[in-house]
Structure formats: C-alpha cells, structure tokens
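Beneath this line is the structure, given in structure tokens, with notes to follow.
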Amino acid sequence: MSSDGPTLNDDSPRGGPTPTGHTHSHGNGVHHHHPLTPGQHAHAEGKGAGSARATGSGHDVGLPALPSAVDVFDTTLRDGSQQEGLSLTVDDKLRVAEQLDHLGVTFIEGGWPGANPKDEEFFARAPTELRLSRSTLVAFGSTRRAGVRAEDDETLRHLVDARTEAVCIVAKSSEMHVVDALRTTLDEAVAMVADSVEFLRAHDLRVFLDAEHFFDGYKANPGFTARILQAAEEAGAETLVLCDTNGGTLPHEIERIVTDVVGRFETQVGVHFHNDSGCAVANSLVAVGVGATHVQGCVNGYGERAGNTDLSAAIPDLSLKLRVGTIPAERLELLTPVSHHISELVNIAPNPQQPFVGASVFAHKAGLHTSAIARRSDAYEHIDPSLVGNGTRFVVSEMAGRSTLAMKAKELGLELDSQAMASVLDSLKRLEYEGYHFEVADGSLELLLRHSTGWEQGFFELESYRVIADHGQGQSTEATVKVRVGQERIVSTAEGNGPVNALDGALRGAIGAHFPTLAGVHLVDYRVRVLDSAKGTGSVTRVLIDSTDGDRTWTTIGVSENIIAASWQALADSIVYGLLHARAPEGAPAE
Ligand SMILES: [Zn+2]
C-alpha cells in the first residue's frame, strides 16, 4: 500500500476494496529512527506528502497526506459490550457479526475466549455458524502473565484454541500501570510482549498489539512506550494499536504523538479511542491524517462510559470526506440500516441525533428553511443522505405551511389535492392543540396524511378492547381485544406487565395468524408524558411508541385523558403502519 493516495483534486468515487493484509502508509522502505520524544514532527512531511500537496494544486484546502485506505476494526462484541445495559446472548453476537460482515468492516473482534462461557461458546460456534464473506474474525486476549512462560499461559492457550486467523492482545504500555497494577518491572513488561507475540506468531496467527493507556504512558515516559512497541514489532506483530484507554486525550496531542510513532516504526499503526472527551471520532481522523491505517471502534459508538469511536461516523467521514477507503464503496449505503439493525439486536433504542445515521440528522422543520431545502438540499445538508442509507425528512407540525406538507406527502408518494391539503392542515392544528405532537410521530403523521386522501386501513376493525389491572399475586395486566378481520370475528386475551404490553399481546393474538409479517415488528420504546398536570386527574396523557421491523423505525402517538385510550391509539397506529409497509413496500417508499 503506497502513500500516493487520493487527494482533494480527485473527484472519482473512493472507498473501494480495503486491504486485507498489512497496510502500510509509508512503504518507502526507509526505516526512520527518530527519537521518540514529544514534539517530533520531522517525519510528517517526508511521508506520503500526498499528491494534493505534491502537485501544488490550488484546490489544496489543507488536507493532510492521507493513506488510500484504512482497515476498519469493529470491537462492538468485545469493548462495545462493556456498555452499561448492553448484554448479548451468543445468538445475538452471531447476528451482530453477520451485520458487521454485511457492512464490510475489515475485522470483527468477537470477544475474549476463555474469559467467560459466552465468549467461549461464541468462538466454538463461529467456525460452523458464522459464514463471513468479507470480514476477518479476531479473538481478544492479553499478553502472558508476569513470571509465567508463554507456553504455560492459559490466556494465550485460549487464543490459539479459538481458531481465528488473527488475535488482538492487550499489553500495558504505561509505566504507572505496569508498576501499580501489574506490580512487575518494566523489563518484565517488555518481555511479556515479546514472548506473547512470538508465541502467537509461532502458531501462525496474525497479531495486533493493543497498547493500553498508550497516550498517557507516552506523556509520562515515552521511552518505555517505545520499548513496548519495539518488542511487538520485532516479535512480528502486524499492527501496533495505540489505545487512549481513559479517553482523555485531545486531537492536538494525538497528532503529535501518532506522528512520532508512525515515523519511528515500520509496522502498521492503529488507533483505539474512547469518547470521554467527546473527541473519539476526531482523534481517529487526526490519527489517520498522520499515518495511522487501522481504526478501531464500534458501530453506534457503543462502549463503556462515553463509548468507543463511533464507526458509523468515522467510516463516512473517512470515505466520503477524506476519500480514504474504509468499507467497500457500494456498501456505504448500508450504514444506516445496519446501524439500526444492530441497535435492535443489542436492544438499545437508536439515538435520533447520531451523526449520519440518526433519524433526525437530515430532518428539517417548517419555515423558510424547508422551502429553501426543496430547491437546494446541499445548502442545508452536509452530505447527500442517501450515500449512507439515510434520507431527508420534512418534519411537520402545526407550524407547517402548505409547502412543508406537500413535500412530506411527496416524500411518502401521496397525491394531496387542495381540498385534502386543507383538511390535513385543519386536523393538524386541531390535534396539536389537543396535545398531539406529530413532529415526533412520523408513523401517525403518515397515517393522518393517508386518511386525508380517503384511505382507510383494511387490516382489522376494532369492536372493543378492555384492560384489567390486577393487584393479586404479583401485578399483572390483562387485556381483551375484539376485532374483525374480514368476515371473521376474533376475541383474544393476553397478559402483560402493563397496558401497552397486554394490549399489544391481545391484538397480535387476534390478528397475528392473518398477518405473519407482524412477527417481525417489535415495540422498542414506550413513553408517557402527562400534559397540563395542573388539572390533576383531568390532565391529558400523551403516549409515544417506537417500533421497528429491523430495517426502519417509526413512532406513533396517542393522546387522551385516559392512559389506556392513549396507549391503544399509539399501539394501533404502530401495528397499522407496520402492516402497511410490510404489505406494500413498493407503494409506500421508506424515508
Ligand atoms: Zn477500549
């Protein structure tokens, strides 16, 4: 991999095949021996002075010399699952890995074999149950323990037994952590790296070295961090991964330190950032700008505390903005669906404001803005949202003018004549006055717009529903739903842990057999807000339900003085929306 990569002058689409083996941004064959000291910049201009600068074109806007591609290393299944509240079964882990492979990341870190039964089982099942088409599975572990021979070390043995092609081992690279946590000598810490990498290489494994607390360690004692990396390099590690384990390092420090390391070592340099300072993605971009060619992170930025580098942002930033290859170009549009699918698998509601893939990040509110964007979307959107599988949305509320509504209808593929338009505007104003909030309930809004064209849902007809809350043994809620599907009258009863849950069970029990696609629709979140609580029990309850079918998510709303009635409205809308799009996806384009 040479350094004469794409430049700003180059308009051709990038992001083609990413390298599989060693990627080296500075394959000039010269081994530099800069002292590993702070403030060392000498190598920066020598290496890969990309053609933007080399050609001296007037289009150079200060883009650093960039590699043509980087390896994307996803650690959702290992570091990401350290997130509070995130817990994956082995089946979940296999499904997440399939999604990551579908997206086309270079490496998938699957977990720590031997650390817990779940990861043990994952690696046992992976060879037969996981057919990766593109990604390479990586097992995680640590160097040998202090004072133990590599061949006698259990952790290393587990790594070999995991039967992956590549392994990633963590090593303490900060003097303070070696002395305080490991309670051993610096020499032994270096030997632990050398022996472990050598041992794993002798078993034909590709080895990535995760240098833990690297940046803090470098600031305190750069000589020691250099010895750790050197030991790994000499023993045959494929990549030296510099980890900002506590997430406290800022971009200007990253630039300086990564520049120094890249200049000093022949081996590929990777980076692993945590987002504690809100800089994980920025740090990754800066690191790539000075020669790192392996970027670790998690889809959706999962991870403990503030999370890891959000690959859902780092990937499009690199591919679309810096023209550095990451995942295959044609798979970039899978970014949003895969992000949402994985958030469903890990059972964490997607963040609507997540850059690139969030539901709100290309949404535009009524007003001046919305009519302008219809003319020039690039004036208000930093990229074409379809490049990452997202889409422009027009957010409609009672503030909406005719033009916003017309655009929303067009987005949904609906024809609204002026009479229908007037009636929708009327309904919107009235309903929002009653406490509805269509801005956040795209699913219900779509149904409202469809109703204005004379459409009625024909899936089921409600006769009645009833909910009984029982304070007997435990607290259960029982719901009975009576509906007609075609000529058939169906009565169904279900229990749940609350009214929405019980009604959902009863409605599914009643119509599920008629609509098998309903099995793929799930409620993911349920929110209740009491409006105007000054009126006491007469106050109005607003219920919002988020649902998903794995590909798309939608929100529906119900408002009533009665929480059960509000819940039913939101639920019924959610199910109707799910059925509508499951049955006729081509007639009702996705957002
Ligand atoms: Zn980490």
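What is the residue count in the stretch 377-394 for residues that are assigned to a loop (DSSP other than H, G, I, E, B) and of a type outside the set (A, V, I, L, M, F, W, C)?
The total comes to 8.
Quick check on my filter: what residues within the stretch 127-176 are in contact with a Ser or Thr (Cβ under 7 Å, 6 or more places away or on another chain) and among the acidic types (Asp, Glu)?
Answer for the stretch 127-176, where residues must be in contact with a Ser or Thr (Cβ under 7 Å, 6 or more places away or on another chain) and among the acidic types (Asp, Glu): just GLU165.
Out of the residues in the stretch 153-187 meeting the condition of being in contact with a Lys or Arg (Cβ under 8 Å, 6 or more places away or on another chain) and open to solvent by 50 Å² or more (accessible area, probe 1.4 Å), tell me which one is farthest from LEU205 (Cα to Cα).
The initial filter retains those residues of the stretch 153-187 that are in contact with a Lys or Arg (Cβ under 8 Å, 6 or more places away or on another chain), namely 153, 155-156, 165-167, 178, 181-182, 186.
So of that shortlist, the ones also open to solvent by 50 Å² or more (accessible area, probe 1.4 Å) come out as 165, 181-182.
Numbers: GLU165: 6, ALA181: 28, LEU182: 26 Å.
Restricting to residues being in contact with a Lys or Arg (Cβ under 8 Å, 6 or more places away or on another chain) and open to solvent by 50 Å² or more (accessible area, probe 1.4 Å), the top hit is ALA181.
Exactly one condition in (1) within 16 Å of the ligand (Cβ to nearest atom); (2) out of contact with any strand residue (DSSP E or B) (no Cβ under 7 Å at 6 or more places or on another chain); (3) not acidic (Asp, Glu) is not met by ILE342; state its number.
(1)
In the stretch 57-71, is there at least one residue being in contact with a His (Cβ under 9 Å, 6 or more places away or on another chain), part of a loop (DSSP other than H, G, I, E, B) and at pLDDT 50 or above?
Yes; the residues of the stretch 57-71 include at least one that is in contact with a His (Cβ under 9 Å, 6 or more places away or on another chain), part of a loop (DSSP other than H, G, I, E, B) and at pLDDT 50 or above.
Considering only residues that are over 24 Å from ASN308 (Cβ atoms) and within 15 Å of the ligand (Cβ to nearest atom), which ones fall in the stretch 223-242?
none
Among (1) at pLDDT 85 or above; (2) touching a helix residue (DSSP H, G or I) at 6+ places or on another chain (Cβ under 6 Å), which single condition is LEU462 missing?
Here LEU462 clears every test but (2).
Can SER444 be described as of a type in the set (S, T, N, Q) and more than 36 Å from the chain's Cα centre (by Cα)?
Answer is no for this residue.
Just wondering, is there one or more residues in the stretch 124-134 that are without any contact (Cβ under 8 Å) to a residue 24 or more places away in the chain, open to solvent by 10 Å² or more (accessible area, probe 1.4 Å) and not aliphatic (A, V, I, L, M)?
yes
Tell me which residues, restricted to the stretch 481-508, are farther than 15 Å from ILE468 by Cα and in a strand (DSSP E or B).
The answer is VAL483, ARG484, VAL485, GLU488, ARG489, ILE490, VAL491.
So, of the residues in the stretch 65-100 that are away from the ligand (no atom under 13 Å from the Cβ) and of a type in the set (S, T, N, Q), which turns out to be farthest from ASP276 (Cα to Cα)?
SER68
Looking at the stretch 433-459, which of its residues are outside any loop (DSSP other than H, G, I, E, B), out of contact with any Ser or Thr (no Cβ under 7 Å at 6 or more places or on another chain) and modelled with pLDDT of 85 or more? Break it down into steps so the answer makes sense when it comes.
Let us first name the residues in the stretch 433-459 that are outside any loop (DSSP other than H, G, I, E, B), namely 433-434, 438-440, 442-452.
Narrowing the set further to residues that are out of contact with any Ser or Thr (no Cβ under 7 Å at 6 or more places or on another chain) leaves 433-434, 445-447, 449-451.
LEU445, GLU446, LEU447, LEU449, ARG450, HIS451, listed by residue number.
The values are calculated or read from the model by the stated rules, or taken from the named source; none is laboratory data. Fair warning: this is a prediction, and the values are worked out from it, not measured in the lab. Here Cβ is always computed from backbone atoms with ideal geometry, including for glycine, and neighbour counts include all displayed protein chains. Areas reflect the complete protein model, heavy atoms only, side chains present, ligands, DNA and RNA absent. Shrake-Rupley method; radii C 1.70, N 1.55, O 1.52, S 1.80 Å.
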